[in-house]
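Trainee: Just dropping this structure here.
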Amino acid sequence: MIHFASHSRHLVGGPFKDKYNVQTMDYILSLLSSSASAVVPFIILLGLLIFVHELGHFLVAKYFGVKVEVFSLGFGKKIFSFKRGDTVYCISLIPLGGYVKMFGDELGAQISEEEKKVSFTHKPVTQRIAVVLAGPLMNFFFAILVFFVIAMIGEDAKAPKVGDVAEASVAYQAGFRSGDTLISVNSKPVRTWDDFQHLISQKHGQPLAVEVKRANSDQKETVSATPSLTPNPNILSLDEFVGEIAGLTSQSRASIVGVMPNSLAQKYNFQTGDLIAEINGIPVKYFREIENLLVSFAGNEMKVKVHRFTDLKDEEHEEVNLTFAKPQVSSLAALGLVNSELFLADVVNDSPAARAGLQSGDRIIQVNSKVPTQWDDVLNEVKSYTGQGEITVKVLRQNGEAELKLVPQMTSQLTAQGSEEKRFTIGIRPWILNALPESVTLKSEGVGSALVRGIERTGEVTAMTVVSFLRLVQGMISPKTIGGVISIGQVASESFKMGLSQFLTIMGFISINLFVLNLLPIPVLDGGHLLFYSIEALRGAPVSMRKMEIAQQIGLVMLMSLMAFALFNDFTRLFGH
């Protein structure tokens, strides 16, 4: 099992709320197809990690003279096997784990005096602890190796690029502009966004000289700003506060547009939700880039390539080429194109919004007395509902304005950090999509620095993983974020498509997850065995056979329940609930 922070865009409901139809069957077939494509990366990733884990048990057991009867990758029926020496090496049918069967490790087994010298149970307790501990430790050291390799071939990190800066923000007033590249802080070079974040966290409350390079030019300027401390939104961090320059972010809105009713843009066949990919052959990535390009081509024929999505949930899109002759474009607003975030991409079936009559494509222009300028204004107005009376939502449609009244309902939502939040919602989803931040590839200068980076990265991920388990216990992270084999398969497949560095990064993360998970003091896991052997070492006598049997049974039930729960979460994510 692994933990996933949720980035679900759903508010309530999902695609399987209605009866099965042709679209539903197409959806199921697409899921099966995507699952099949995930099999090979899944087997490579999980198979290698299981092999490394069991190899740790095997090598240390052999070192201490324990007879190893079976070394298996997978459980259940053997599909391939051979015997060498005392050991049968095999691959079994169910690829969800593995095991090393050692002679004499069965509870209550009758062992002759001659065989006791190769029996696991009859080895000194310190040696048994070493054999059990070797599996998780192999996952830990393997993660160091993985992150070492990544450091050698180059690891991707978020570039020190400023995203969208609102004009009313502290960052804008200080002099930062959208698209700036951060070069240094107090003359200290900045290579990544994380470098910058770390520096301003260290220097909070102090005036900083930040050197920036302006977008689309070689002009460099120095901006003075004083960061403040703000609560850390990352609940997997041990740092309670981080430095912040209000309004400074790495996030940028993607080039998705909203289309005003009866506008010139509508005449030219633009649709709300279109992602503008190119204008006269020039690639477009961010919404903020569109206006300057359109205005620069005013009076000339324009060819605009758009990606047309039927729904933000779908990765598939239709490519549409729009051509219009020599328009006089003074601005986006004159053309009738606006930021899409106040347009509704989806209204959930049987939600308060649907019952009130809100429709996909509506543009929200007022909530109660609030005239929103961004989606957060709408969100905050709904969240502030007290449970009494109704709220009024005014929307703009093709045929004019409509005023609707509705009663929000209390729902449970997963935040981007993985915590569960109970709040009022109405069942709407906006046309909002952030562009992927730019990245930089960092390579270590030599083997030594790569090894140091591998150790540092392993330590960081281990700490984050331990904190995630702690946050689960504390209730700060929802159990709904726990993922099972399907989630692992999906992550393996997606990272495999992205490249070797990304695939290895996921492998390193899951290897550390296995390291931490197997050390939990749950009977049947390595941590449970370590607990029993530690008690034996302290009291000078083993735990009674009966107590160990009961503990093993309880542990097995716990483990099976956890696996079933993780699988339930996987299917819930797949089918959109």
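The values are calculated or read from the model by the stated rules, or taken from the named source; none is laboratory data. It should be emphasised that the depicted structure is a prediction, and the values quoted were computed from it without experimental measurement. Reconstructed Cβ throughout: ideal geometry from the backbone, glycine too, with neighbour counts over all protein chains shown.
Trainee: Only one of 119, 112 is touching a Phe, Trp or Tyr at 6+ places or on another chain (Cβ under 9 Å) and not aliphatic (A, V, I, L, M). Can you tell me which?
Mentor: 119
Trainee: Among the residues of region 224-238, is there at least one that is surrounded by fewer than 14 Cβ atoms within 10 Å (Cβ to Cβ), at pLDDT 90 or above and closer than 23 Å to residue 288 by Cα?
Mentor: Scanning region 224-238, I find no residue that is surrounded by fewer than 14 Cβ atoms within 10 Å (Cβ to Cβ), at pLDDT 90 or above and closer than 23 Å to residue 288 by Cα, so the answer is no.
Trainee: Here are some residues: 344, 335. Which one is buried (at least 16 other Cβ atoms within 10 Å of the Cβ) and either touching an Asp or Glu at 6+ places or on another chain (Cβ under 7 Å) or within 21 Å of residue 389 (Cα to Cα) (or both)?
Mentor: 344
Trainee: Hey, any hits in region 356-372 for a residue that's among the aliphatic types (A, V, I, L, M), touching a Gly at 6+ places or on another chain (Cβ under 8 Å) and either more than 30 Å from residue 407 (Cα to Cα) or outside the structural domain of residue 263 (by TED's automatic domain parsing) (or both)?
Mentor: Taking every residue of region 356-372 in turn, none turns out to be among the aliphatic types (A, V, I, L, M), touching a Gly at 6+ places or on another chain (Cβ under 8 Å) and either more than 30 Å from residue 407 (Cα to Cα) or outside the structural domain of residue 263 (by TED's automatic domain parsing) (or both).
Trainee: If you take the residues in region 291-313 that are outside any loop (DSSP other than H, G, I, E, B) and more than 34 Å from the chain's Cα centre (by Cα), which one is modelled with the highest pLDDT?
Mentor: Selected residue: 303.
Trainee: Please determine, by comparing only the residues of region 79-101 that are of a type in the set (Gly, Ala, Ser) and over 16 Å from residue 131 (Cβ atoms), which one is surrounded by the fewest Cβ atoms within 10 Å (Cβ to Cβ).
Mentor: Ranking the candidates gives 85 first.
Trainee: Now for a different question. Of the conditions (1) modelled with pLDDT of 90 or more; (2) touching a Gly at 6+ places or on another chain (Cβ under 8 Å), residue 454 satisfies every one except a single condition; which number is it?
Mentor: Answer for residue 454: the failing condition is (2).
Trainee: Same structure, new question: Looking at (1) part of a loop (DSSP other than H, G, I, E, B); (2) in contact with a Phe, Trp or Tyr (Cβ under 9 Å, 6 or more places away or on another chain); (3) without any contact (Cβ under 8 Å) to a residue 40 or more places away in the chain; (4) within 27 Å of residue 276 (Cα to Cα), which one does residue 327 not meet, given that it meets all the others?
Mentor: (3)
Trainee: While we're here: Go through 132, 162 for me and flag whichever is touching a Phe, Trp or Tyr at 6+ places or on another chain (Cβ under 8 Å), β-branched (Val, Ile, Thr) and more than 28 Å from residue 59 (Cβ to Cβ).
Mentor: 162
To keep it simple, each residue is scored yes or no on (1) assigned to a loop (DSSP other than H, G, I, E, B); (2) farther than 23 Å from residue 179 by Cα.
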{"site": "217", "(1), (2)": "yes, no"}
{"site": "230", "(1), (2)": "no, yes"}
{"site": "233", "(1), (2)": "yes, yes"}
{"site": "249", "(1), (2)": "yes, no"}
{"site": "272", "(1), (2)": "yes, yes"}
{"site": "289", "(1), (2)": "no, no"}
{"site": "322", "(1), (2)": "no, yes"}
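Trainee: Turning to a different aspect of this structure: Looking at 406, 442, which is the one that is in the same structural domain as residue 366 (by TED's automatic domain parsing) and farther than 30 Å from residue 307 by Cα?
Mentor: 406 is the lone residue from the list that is in the same structural domain as residue 366 (by TED's automatic domain parsing) and farther than 30 Å from residue 307 by Cα.
Trainee: State whether the residues of region 167-180 include one that is closer than 28 Å to residue 225 by Cα, touching a helix residue (DSSP H, G or I) at 6+ places or on another chain (Cβ under 8 Å) and surrounded by 14 or more Cβ atoms within 10 Å (Cβ to Cβ).
Mentor: yes
Trainee: While we're here: When the residues of region 550-575 are narrowed to those that are within 15 Å of residue 531 (Cβ to Cβ) and either of a type outside the set (A, V, I, L, M, F, W, C) or in contact with a strand residue (DSSP E or B) (Cβ under 9 Å, 6 or more places away or on another chain) (or both), which ends up surrounded by the most Cβ atoms within 10 Å (Cβ to Cβ)?
Mentor: The extreme case among them is 555.
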